[in-house]
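One structure is given below, encoded as structure tokens.
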Amino acid sequence: YRQINVECEQFCNNRQTDRGSPLLCVYRGQSISKEELNLLREKQGGYFSMQSFVSTSENLAMAEIYSGTGVADSDPNKVRILYEFKIDPCNTGSKPYAPISHLSQFPDEAEVLVAPGAV
């Protein structure tokens with residue numbers, strides 16, 4: 001958590017030199033239970049909390065692979081979802097996030113890490 005805070009600070013400082021930089025858009029694909037999907041639908045448009053670090057990607061195709069797109073369904077109680085996170089790089093009150101491909105053993109897969117908390 002401390003390391004992601006440091007990475008976030010460095011990332012935000014670099015982004016602030018580029019005024020007018022757009023929102024950072026990242027994706028996460030995964031398979032969840034239908035019950036979890038119903039809970040997410042109830043929170044649509046609001047906030048929900050994740051209790052772990054969330055690995056995301058700026059590459060939509062990579063997130064789709066992790067959601068299981070193109071793989072035959074093996075569990076009828078599971079659904080494939082794709083999260084889209086839009087992060088304001090100038091919002092210092094948000095949970096820490098930062099590109100981590102330079103730290104990862106899988107640089108093409110784990111591009112942006114978001115710390116646990118309200119999303």
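Tabulated data for the structure shown
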| read-out | value |
| --- | --- |
| Matching residues, region 37-69, being among the charged types (D, E, K, R) and open to solvent by less than 90 Å² (accessible area, probe 1.4 Å) | Glu64 |
| Region 1-42, residues that are at pLDDT 80 or above and among the small types (Gly, Ala, Ser) | Gly29, Ser31, Ser33 |
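Table: residues versus (1) in a strand (DSSP E or B); (2) of a type in the set (S, T, N, Q); (3) at pLDDT 85 or above.
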| site | (1), (2), (3) |
| --- | --- |
| Gln44 | no, yes, no |
| Thr56 | yes, yes, yes |
| Met62 | no, no, yes |
| Leu82 | yes, no, yes |
| Leu103 | no, no, no |
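The values are calculated or read from the model by the stated rules, or taken from the named source; none is laboratory data. Computed from a predicted model, the values in this text were never measured in an experiment. What goes into the accessible areas is simple: the full protein's heavy atoms, side chains included, and nothing from ligands, DNA or RNA. Shrake-Rupley method; radii C 1.70, N 1.55, O 1.52, S 1.80 Å.
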